[in-house]
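Quick notes on the structure that follows.
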């Protein structure tokens, strides 16, 4: 089980640099890894890495009473900030309310998608017809195993063809016309457009015509540019406005996307609330998000500039609270809250599924031809695993498509694992 952590002194690292003129309070935190706060309110301006931030019980109790009596829409940002700091009996009550909200929307099912991750550089190397296994073989294998989705992420190598992103999509679509192609994060979309001398909208329109169906809404981190710059150790490669513009453009041309947040680093409760509010605002304009995924910052997704500070992960308390708040704050905008099972331990994943989350994401098939072709190779769930988790929760497992539609029986995975 992930431990609970209070404040602690991490040794500053000279490898961590920050751009001149950046938000002073955050710079101070990065350089010293010390608390900088006024009191438990929206005035807190940062925290030490993944330090646990709890709120006074009386403050949490007042917010919970408003939530229970008046509903989510009656809560102000300060109430949600307080609820993010809930613990003990109050956290259990918050999780119960979130689980009840989940049940009202999704019923007593535990949904999952059968998918295969493929890394962009791996596929780019196979644009040359002489490289085996080819894109067609990898995709055909996933299709034969019952995958309904191929997920492609990662930067296209500098020496790849300028139209490499499009050619990858075309190759996947040709190999398995019925499979859903979920590909390219906002930074990769912008790179693809720049390489081809197109606007983001022009590239996404062409990609959709080639077979792209949805895009991952990852790299959102926390949509606060001061914080993003600190995490990048300078000017962030992708601003909040650029992330929002890219995602909204994808929605506008007819693509759907996931929505994400990365928590458990230097962000404050107020920044978490603001991020969730921003996602709700986007959803109100476009309706293009299929689900919300909250991911803890762990070793595999920590930016290099702040890696020396990342000595701990967010605790179970924080993970439970952030998922419960996300379910309740986004009620009416997001039906589905997915647990990032590859980044948290099984006991915590189960607690999150009992406290607001309804979906466990993808099985992440590896296949036999090239198991390491995806970025999360080795992380595989079986249908039997899903059934056991669902039974423990008192729910029924239900396979879904990327867009949360039911899957016909003939598309069920032919391998369930052992």
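Scanning segment 67-118 for residues that are without any contact (Cβ under 8 Å) to a residue 40 or more places away in the chain, farther than 14 Å from residue 331 by Cα and assigned to a loop (DSSP other than H, G, I, E, B) yields a total of 2. When residue 182 is tested against (1) buried (at least 24 other Cβ atoms within 10 Å of the Cβ); (2) touching a helix residue (DSSP H, G or I) at 6+ places or on another chain (Cβ under 8 Å); (3) outside any helix (DSSP H, G or I), exactly one condition is not met: (2).
Scanning segment 319-344 for residues that are in a helix (DSSP H, G or I) and in contact with a strand residue (DSSP E or B) (Cβ under 7 Å, 6 or more places away or on another chain) yields a total of 5.
Mind counting the residues in segment 228-247 that are without any contact (Cβ under 8 Å) to a residue 60 or more places away in the chain, closer than 12 Å to residue 186 by Cα, within 17 Å of the chain's Cα centre (by Cα) and in a helix (DSSP H, G or I)? The number of residues fulfilling the criteria is 3.
Residue 347 fulfils the conditions (1) farther than 24 Å from residue 275 by Cβ; (2) outside any helix (DSSP H, G or I); (3) in contact (Cβ under 8 Å) with a residue 60 or more places away in the chain except for a single criterion, (2).
Determine if segment 261-269 includes at least one residue that is in contact with a helix residue (DSSP H, G or I) (Cβ under 8 Å, 6 or more places away or on another chain), free of Cβ contacts under 8 Å to residues at least 24 places away in the same chain, part of a loop (DSSP other than H, G, I, E, B) and farther than 20 Å from residue 375 by Cβ. No.
Let's see how each residue does on (1) at pLDDT 90 or above; (2) surrounded by fewer than 19 Cβ atoms within 10 Å (Cβ to Cβ); (3) in contact with a helix residue (DSSP H, G or I) (Cβ under 9 Å, 6 or more places away or on another chain); (4) more than 21 Å from residue 351 (Cα to Cα):
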| site | (1), (2), (3), (4) |
| --- | --- |
| 19 | no, yes, yes, yes |
| 31 | no, yes, no, yes |
| 44 | no, no, yes, yes |
| 62 | yes, yes, yes, yes |
| 65 | yes, yes, no, yes |
| 74 | yes, yes, yes, yes |
| 77 | yes, yes, yes, yes |
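The values are calculated or read from the model by the stated rules, or taken from the named source; none is laboratory data. The shown structure was predicted, so the numbers you read here are calculated from the model rather than taken from an experiment. Please note: Cβ atoms are built from the backbone with ideal geometry, for glycine as well, and neighbour counts cover all protein chains shown.
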